[in-house]
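The values are calculated or read from the model by the stated rules, or taken from the named source; none is laboratory data. This one's a predicted model, so the numbers in the text were calculated from it and none came from an experiment. Cβ placement follows ideal geometry from the backbone for every residue including glycine, while neighbour counts extend to all protein chains displayed. For accessibility, only protein heavy atoms count, side chains too; no ligands or nucleic acids. Shrake-Rupley method; radii C 1.70, N 1.55, O 1.52, S 1.80 Å.
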Amino acid sequence: MALCALLVSPTRPSDSNAGWTHIKIEPGAKSMSAAEKALSPDAASGSQHGIILIDETERVDLARGQEIAHRFRAKVFSSEARGLADVTIPFNSAQGTLGKWWGWTILPDGRVLPLAQEELKEQELVRIRGFRIGVLRGALPGVEPGSVIEYGYTLWDRRWSRMSRVTLQKDWPVVAFRYRWSPMGIMPAAFRAYRTERLSVKNTKGVASVLVIGKNLPAVRTEPWSPPDNELRAAITLYYYGGEDRLKDYWNLVTDRIRGSARSFAKERYIKEALASLSIPADADLPARLRIAYDWLGAHLANTDLLTAEQAEAAAEDEDEHKPGRSIKDLLERMEGSGRQLDFLFIGMARALGAAAEVVLAVDRTDHYLDLALLSDQQIDTTLVAVRAPGDSDDKAVVVDPGSGLPYGQIPWWFSGLKGISSSPKGARDVMLWPSDPRDNVSETTASITFDAAAGNAMVRWSRRGTGQQGLLERHELSPMTPDRRRAWLDQYCGGDDFEVSRAEAPRLHDATAGLLVECEATLMTASIQADQDVYRFALDGPWFTRLPELTAVTRVHPVVFSFPRVDRTILEIESPGGMSDRSVPDPVTIESPYGHYSLSAKATPAGLRVERVFSLVALGVPQKEYEELRRFLASARRADMTVLEFRRTDGAP
């Protein structure tokens, strides 16, 4: 990886005395060239379905916004690459203006089918704290194998980014890539290149711009359970770092600033008042005192970043309550605050209890990994808290996330497995954020199945309760949803297409410390049971079994990265269909591997069968060279999940 500083002059001189970086982006031809006509599928190069002919962008940052020009041209060889013709433009009509637009499909017979600008539709992707993130979308028409597609545009955006990442490698091979960036002259800027060493990529630095050129860039194969996309493809990160004098001590300055914020927020008077309300035994040691304070904070203070849609709506009805609190006094009066405010409060409480407590900066590993050479705090996604006894080494620190709802000693899994940055009084230093133990992340599922031969279906009632990381992401997804969207999500979770769901609820969603509980009732419409049959077979697999990771490909390019180590337990009570009291008890299955454990057992009961299934995953990451062994373990467990139970009608039974 390379780090290149751009010492940008405030007067923005031309690039004539440095590397030549000027490019001109304009529409391409509305006909195929001879070279484009001659292009054909080539599996060896990864272009059996399609190929990107040119992907070029020019971005100019100004104090009042950004000017962006973009052009994209590709050839489609099969329907698998039809997505190349899907147009997505980052756009917010309240903040930007689409200037010039062009887009068309060139068919193999030479006909040209245009896509008019009016056919692009604006869509809102997400709204965060009143800020709207949207796109313009459309699809170039009439695409068929052998077509060449092209689109391009100029865009004015009133916003500009302190940090942005540009991907060079795509899902399809790229013949030519160009990206020119002209940063604002009033701020020092830099770019950092990733995974370009073995590729035909050239970075040309001008006095006031940089041009990145790539040629014949191979496609990157996407695989399930891989590292994040940003860690697999060649890319460049463009960013502003605040000043040359900050380069050497950048992270020390960042952590000093956040330490100061924590110190000024956690006023000693209010910390003492909060601690006075806790019942801490006089003889409790430091770890016990910290745990009591942490549990009190989680039970009594709401994290406003994690409110359910209903809670947020109720708060919005009170204008004064809806205004964000800015001080520890506000936080303790309202008994709610942002995740960062709760971090600062716990730091103050921990220090008052005699611990050393520090802010830890962390990144979301589902998107990117921490890069200390990238001198931008824009890569940081959250703050956590590290506590330890005074004088203890860093490896004895306990990292926690107040307000997350997780037990003391755990942090959300997407922040774990990597290093973070600790804000020590002696300066910034990295700290390992360990994943939680699989025994702390348990899902307990109980289910019952009864058959209705007259109706030809089965009734299923089941519930699942999670601890630790189990259900944490689902809770974060469910909480901000509207009731209608949440019901649709839960309906799918409880059954899917084969089920008619009559009840799908998450009754404790408002209580972040309770762990996710989901309760389901549904009719299995594909049970295929008949009143007059003598033998009935039923496959065990269903939504009452937690899903196993899908790793079915024979070969693997990237390492495997799971979300978190875990244990899943299911107890399934199956009632024999009417008159079929003769039921087979399948042989027990036990599978052991370095990556986890699987067991399936059944026993006869007066009513039918009781099945117990346990699956544990102890590995967080598995290298590519061990993929085949991991795949065999998961495939064996999946086959066991498909065990078929057999029920027979006894002689003389009606």
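Observations, loosely collected:
- Subset of region 181-215 (residues that are without any contact (Cβ under 8 Å) to a residue 40 or more places away in the chain and in contact with a Pro (Cβ under 9 Å, 6 or more places away or on another chain)): LEU199
- Residues that are modelled with pLDDT of 95 or more and loosely packed, with under 13 Cβ neighbours inside 10 Å do occur in region 102-109.
- Only residues that are out of contact with any helix residue (DSSP H, G or I) (no Cβ under 9 Å at 6 or more places or on another chain) and either crowded, with 19+ Cβ neighbours inside 10 Å or acidic (Asp, Glu) (or both) were counted across region 361-383, and they come to 2.
- Elements of type strands (runs of 3 or more DSSP E) contained in region 585-641, each with 3 or more residues being open to solvent by 10 Å² or more (accessible area, probe 1.4 Å) and touching a helix residue (DSSP H, G or I) at 6+ places or on another chain (Cβ under 7 Å): 589-593
- Selection of region 559-584 for residues being under 27 Å from PHE415 (Cβ atoms) and part of a strand (DSSP E or B) yields VAL560, VAL561, ARG566, VAL567, ASP568, ARG569.
- Enumeration of residues in region 207-226 that are among the charged types (D, E, K, R), closer than 17 Å to THR167 by Cα and crowded, with 18+ Cβ neighbours inside 10 Å: none
- Of all the residues in region 451-480, those that are aliphatic (A, V, I, L, M) and at pLDDT below 90 number 3.
- Output for region 642-652, where each listed residue is closer than 16 Å to PRO588 by Cβ and part of a loop (DSSP other than H, G, I, E, B): MET642, THR643
- The criterion of at least 1 residues that are among the hydrophobic types (A, V, I, L, M, F, W, C) and out of contact with any Phe, Trp or Tyr (no Cβ under 8 Å at 6 or more places or on another chain) is met by the following strands (runs of 3 or more DSSP E) wholly inside region 30-108: 50-62, 65-76, 96-106.
- Selection from region 167-179 of residues that are open to solvent by 20 Å² or more (accessible area, probe 1.4 Å), of a type outside the set (Phe, Trp, Tyr) and part of a strand (DSSP E or B): THR167, VAL175, ALA176, ARG178
- Residue count for region 547-561, restricted to those that are within 15 Å of ALA640 (Cα to Cα) and in contact with a Lys or Arg (Cβ under 8 Å, 6 or more places away or on another chain): 1.
- Comparison of THR204, THR237 shows that the only residue that is under 25 Å from the mean Cα position of the chain (by Cα), open to solvent by less than 30 Å² (accessible area, probe 1.4 Å), β-branched (Val, Ile, Thr) and under 29 Å from GLN66 (Cβ atoms) is THR237.
- Some residue of region 592-601 being under 19 Å from ILE529 (Cβ atoms) and within 33 Å of the chain's Cα centre (by Cα): no
- Of everything in region 463-515 that is hydroxyl-bearing (Ser, Thr, Tyr) and part of a loop (DSSP other than H, G, I, E, B), the residue that is least open to solvent (accessible area, probe 1.4 Å) is SER479.
- Only one of the numbered conditions (1) more than 23 Å from the chain's Cα centre (by Cα); (2) open to solvent by less than 40 Å² (accessible area, probe 1.4 Å); (3) aliphatic (A, V, I, L, M) is violated by ALA352, and that is (2).
- Matching residues, region 495-509, being more than 16 Å from ARG465 (Cβ to Cβ) and within 24 Å of the chain's Cα centre (by Cα): GLY495, GLY496
- Flag for GLY146 being at pLDDT 95 or above and either farther than 27 Å from GLY83 by Cβ or part of a loop (DSSP other than H, G, I, E, B) (or both): yes
- When region 135-166 is filtered for residues that are open to solvent by 30 Å² or more (accessible area, probe 1.4 Å), charged (D, E, K, R) and under 24 Å from THR105 (Cα atoms), the ones remaining, listed by number, are ARG137, GLU144.
- Qualifying position, being at pLDDT below 95, among the hydroxyl-bearing types (Ser, Thr, Tyr) and either open to solvent by 10 Å² or more (accessible area, probe 1.4 Å) or under 25 Å from the mean Cα position of the chain (by Cα) (or both), among SER448, SER422: SER422
- Checking ASP541, ASP498, ASP568, ASP582 one by one, the residue that is more than 18 Å from SER448 (Cα to Cα) and either at pLDDT 95 or above or of a type outside the set (Gly, Ala, Ser) (or both) is ASP582 and no other.
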